[in-house]
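The structure appears below as structure tokens.
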Amino acid sequence: MTVEPRRAVAIIGSGPSACYTAQALLKLRRDVDITMFERLPVPYGLIRYGVAPDHVGTKAVTRQFDRLFTRSGVRFLGNVEVGRDVDLESVRGAFDATVVATGLHADAHLPLPGFDDARVVGAGRFMRILNQHPGDEVSLPSLGARVAVVGNGNVAIDIVRLLAKHETDFEGSDVHSPLLDQASGELRTIEVLGRSLVDQAKFTPSLLAELGRIDDVRYEVVGVEASSLEDSAERSGQAAALAALLARDQPTTPRITVRLRFGVAPVALAAESEGGSPLRLSVAGPGSFEPQGASTVAEPASLDVDSVVTAVGFHRGDAHLLHALLGHERDVFAAGWARRGPQGTIAESRAEGQTVAREVEEWLASADVKPEGERAALLARLDEVSVSFAEWNVIDEHEQRQAGPGRVRAKEQDTESLLRIARSLSGSSAAVAPLSSHPSVPEAPTPDSDN
């Protein structure tokens, strides 16, 4: 009886798109072995380092993804960067198909005068530092008493919520309070500048509703007609959420005032003196002016702020080498933001993962099988530098043990520290499966609901 050879698929990245693609592919084919390459010593990418640290429910999806590695035979190669530890051509030569799910790492830059000031920070950088991403700064800049948040999508609302919350609001999360206190300790006013009008704003209504749970924050709105907030069949979900936020009891002596400006765009940023404060932020559009001072003048208004957080999207940054092959080689596929750009939610990655898995399956149906020997030699070499999933579990348990009061973990940020903790497994009783092994028939993961 002839035994059909198993197929091998490499996935570069280990974030939600990578994991959803692996889940879907295992459901389509029981004869596939998946190896996941991750440049950091720890898995889950965007979930661990990009999702707001107070969104515990969203982060809990990693429990579903854990089963890929503990039950379904997916091999995790942490601390292995394609392009540093192994070149992409070697991966392609050893695997029948390669999926690029590296995400987009760099904040999009606003090409406007003055936005190269040191007091301008991208929202992605802000969130990575707060989430203690290895290789990023170990402290957040002080934002002063007045900050402008440019953008009104979900990332912008995340920033507003994190800056406005009380310390007690972070119970049960992995927020590192000293970092956040350093950024927001002096904060009194948050100006949110959205180019879109309220009906076209990119925020999710439920996310805006979360702001209403912070009891001593006052919310004001500029650039919105009162009639658009009235209850009617035509009212958008965004307008309904905004109306509910304004209808709550507003404190007379707020700790923080959040001013949501719609239909306004930044024009320029200038410091009044070298390295001095405040910054003069020039803006234009109907949201530039207070409601009682409606104006049609051509000159933009201006706001005095101490700092600016830009939440205007992401770009490929240092991932360009992997992205270069996308669409040009039949055995290379893309998932997540590497596929569609910086848009869509984590929940939407599940459906996309199914699409990518079908594309991979179609390719595997006609592609030649790569020799197992070359792959085994590659994995044996990478075993010397990689972190296995069992070793990641050691890191995970260590971080949970180090958690302070009211927190679920205390993250290690230094890469060398992460590797040292992972390597401590060799002195324990835990077993590490060799990288060249795989179960004969992987168990397909059980679908869970999104969080």
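Listing for the model above:
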| quantity | calculated |
| --- | --- |
| Residue in the range 258-276 that is touching an Asp or Glu at 6+ places or on another chain (Cβ under 9 Å), surrounded by fewer than 19 Cβ atoms within 10 Å (Cβ to Cβ) and modelled with pLDDT of 95 or more present | yes |
| Extreme residue, surrounded by the fewest Cβ atoms within 10 Å (Cβ to Cβ), among residues of the range 58-87 that are within 13 Å of LEU382 (Cα to Cα) and basic (Lys, Arg) | ARG84 |
| Residues satisfying the stated conditions in the range 91-123, i.e. surrounded by 17 or more Cβ atoms within 10 Å (Cβ to Cβ) and not in a loop (DSSP other than H, G, I, E, B) | VAL91, ARG92, ALA94, ALA97, THR98, VAL99, VAL100, ASP107, VAL120, VAL121, GLY122, ALA123 |
| Output for the range 289-313, where each listed residue is modelled with pLDDT of 50 or more and either β-branched (Val, Ile, Thr) or closer than 12 Å to ALA148 by Cβ (or both) | SER302, LEU303, ASP304, VAL305, ASP306, SER307, VAL308, VAL309, THR310, ALA311, VAL312 |
| Residue match in the range 185-193 (condition: in a helix (DSSP H, G or I) and either without any contact (Cβ under 8 Å) to a residue 40 or more places away in the chain or surrounded by 19 or more Cβ atoms within 10 Å (Cβ to Cβ) (or both)) | no |
| Tally, over the range 96-112, of residues that are of a type in the set (Asp, Glu) and under 28 Å from ILE34 (Cβ atoms) | 1 |
| When residues of the range 433-451 are limited to those that are crowded, with 17+ Cβ neighbours inside 10 Å and either of a type in the set (A, V, I, L, M) or in contact with a His (Cβ under 7 Å, 6 or more places away or on another chain) (or both), the one modelled with the lowest pLDDT | ALA444 |
| When residues of the range 215-242 are limited to those that are among the small types (Gly, Ala, Ser) and not in a helix (DSSP H, G or I), the one surrounded by the fewest Cβ atoms within 10 Å (Cβ to Cβ) | ALA233 |
| Residues of the range 147-169 that turn out to be in a helix (DSSP H, G or I), more than 19 Å from the chain's Cα centre (by Cα) and within 15 Å of GLY185 (Cβ to Cβ), as a count | 2 |
| Unmet requirement for PRO43, which otherwise passes all of (1) at pLDDT 95 or above; (2) over 27 Å from ALA365 (Cα atoms); (3) not in a loop (DSSP other than H, G, I, E, B); (4) not β-branched (Val, Ile, Thr) | (3) |
| Residues of the range 32-51 classified as surrounded by fewer than 22 Cβ atoms within 10 Å (Cβ to Cβ) and in contact with a Leu (Cβ under 9 Å, 6 or more places away or on another chain), total | 2 |
| Condition met for PHE126 (surrounded by 20 or more Cβ atoms within 10 Å (Cβ to Cβ) and either over 21 Å from the mean Cα position of the chain (by Cα) or not in a loop (DSSP other than H, G, I, E, B) (or both)) | yes |
| Candidate set from the range 343-376 (those that are buried (at least 18 other Cβ atoms within 10 Å of the Cβ) and within 15 Å of the chain's Cα centre (by Cα)); member that is nearest to GLY45 (Cα to Cα) | ILE346 |
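Let's see how each residue does on (1) assigned by TED's automatic domain parsing to the domain that holds ILE11; (2) assigned to a helix (DSSP H, G or I); (3) at pLDDT below 95; (4) charged (D, E, K, R):
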| residue | (1), (2), (3), (4) |
| --- | --- |
| ARG350 | yes, yes, yes, yes |
| ARG358 | yes, yes, no, yes |
| SER366 | yes, no, yes, no |
| ALA380 | yes, yes, no, no |
| VAL394 | no, yes, no, no |
| GLU399 | no, yes, no, yes |
| GLY404 | no, no, yes, no |
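The values are calculated or read from the model by the stated rules, or taken from the named source; none is laboratory data. Fair warning: this is a prediction, and the values are worked out from it, not measured in the lab. All Cβ positions, even for glycine, are placed from backbone atoms using ideal geometry, and neighbour counts span all protein chains on display.
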